[in-house]
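Have a look at the structure below, then the notes.
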Amino acid sequence: MKKTQVKTASKASTRNLSPDAVTAAVIERMQSARSDRFKSVMASLVTHLHAFAKEVQLTEEEWAFAIDFLTKTGQTCSASRQEFILLSDTLGLSTLVTQMNHPSQGQETEQTVLGPFHRESTPIFPLGADIAQGIKGKPLFISGTVSDSRGRPIANARVDIWHADPQGEYDVQKPALGGAMQLRGVFNTDGEGRFHCWSIKPTSYPVPTDGPVGSLLKASKRHPMRPAHVHFMIEAKGFDRLITHVFEEGDRYIDSDAVFGVRDALIIPFKAHRSKLGPDGRILDRSHYRIHYDFHMRKPLSKPKRQNKASR
């Protein structure tokens, strides 16, 4: 019976490798991958990961602790909770990636982190609807406009809005709701690029601290707080998707956001109004707050086409 020979992608032997030779050997094993981008990204990842281990002289106990931490991070994720996004946020990676991929110029609205609490299939409401869905709090009138970088209004833009309640919790953090959505809704701008709705005033709140990320923050002696804000995700044909927040001016955590997401241009006053008459004519049983923001979208940046080596 003829013995089958196993062919390897690497020409060089990977036996008896020294610590300095391991990095090159791993990278060489990836060279048969079809995607040049994949090879480039993975080569850089392996290089920096190995360099990190060498720089700190990583012990086996520390390596095992890191593996356990990442395992628990994955196990904490669910359909309503994304612990890995939270980890990325608190390490500043989310903000870094956002700013690199969505640079704003001139009037273009600054992007910031998505956060771990966005939900797909959020219901669409008519302009002026109340997304509080029965949650008690200080009434908040939310309004704004959507336009291009030159101020020309964008009609029928999709405006996805969500935020925490007065206790600092999102609907996904409340099992008793059984998946029901509160304090979130999607609206379409009118012919002049305008939108408005009602909700209740959010407050500053802690990111979830009952999981691995909470342990990391505690070990770092960092607070878990985020300043009060309202999330916006705006989409319009031909424009770069805009993911951003509007932050409350004067919040005590505005300069120490746990996820490094605050931008000066996104800070506005949440104005108190004693009147019980809303700007849209709605009659209230108490005074209310108002926020207004004019969002300016940008055209997507053109990316250079990548060529495979085989086609060069």
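Rolling a 1.4 Å probe over the protein heavy atoms of the chain, with every protein chain left in place, gives an accessible area that is 53 percent carbon and sulfur. For Asp20, the accessible area of its heavy atoms, probed at 1.4 Å with every protein chain present, is near 120 square angstrom. The slack in the chain from Ala180 to Arg263, taken as 0.36 nm per residue of separation less the alpha-carbon distance, amounts to 26.7 nm. Straightening the chain between Asn156 and Ser121 buys 10.8 nm, computed as 0.36 nm per residue apart minus the Cα-Cα spacing. In this calculation the C-beta distance from Lys138 to Asp68 is compared with R0 = 41 Å, giving a FRET efficiency of 0.40. The 1.4 Å probe gives accessible areas that order Phe232, Phe65, Phe125, Phe84, largest first, as Phe65, Phe84, Phe125, Phe232.
The mean accessible area for residues of the chain, using a 1.4 Å probe and ignoring ligands and nucleic acids, is 60 Å² per residue.
Note on exposure: Glu169, Glu55, Glu110 ranked by accessible area (1.4 Å probe, complete protein assembly) read Glu55, Glu169, Glu110, with the most exposed listed first.
Note on the chain: with a GNM built from Cα contacts shorter than 10 Å, the maximum mean-square fluctuation among Ser143, Ser256, Ser275 falls on Ser275. For the pair Asp130 and Ser78 in one chain, pulling the backbone fully straight at 0.36 nm per residue adds 15.9 nm over the alpha carbon distance.
Paramagnetic label reach from Ala24 (point 7 Å along Cα→Cβ; backbone nitrogen cut-off under 14 Å): within region 49-93, no residues.
Here each label is just a point 7 Å from Cα along the line to Cβ, and for Ser149 and Leu284 those points are 3.7 nm apart.
What does the charge count near Ser147 come to, summing +1 for each Lys or Arg and -1 for each Asp or Glu among other residues with Cβ under 12 Å from its Cβ? Local net charge: 0.
Helix content alone sets the calculated 222 nm mean residue ellipticity of the chain: runs of n ≥ 4 DSSP H residues at -39500 (n - 2.57) each, divided across all residues, give -7500 deg cm²/dmol. Inter-label distance, Arg274 to Ser13: 8.9 nm, where each label sits 7 Å from its Cα along the C-beta direction.
The values are calculated or read from the model by the stated rules, or taken from the named source; none is laboratory data. Since this is a predicted model, take the numbers as computed values, not measurements. Counting neighbours? That spans all protein chains shown, and the Cβs are built from the backbone with ideal geometry, glycine included. Areas reflect the complete protein model, heavy atoms only, side chains present, ligands, DNA and RNA absent. Shrake-Rupley method; radii C 1.70, N 1.55, O 1.52, S 1.80 Å.
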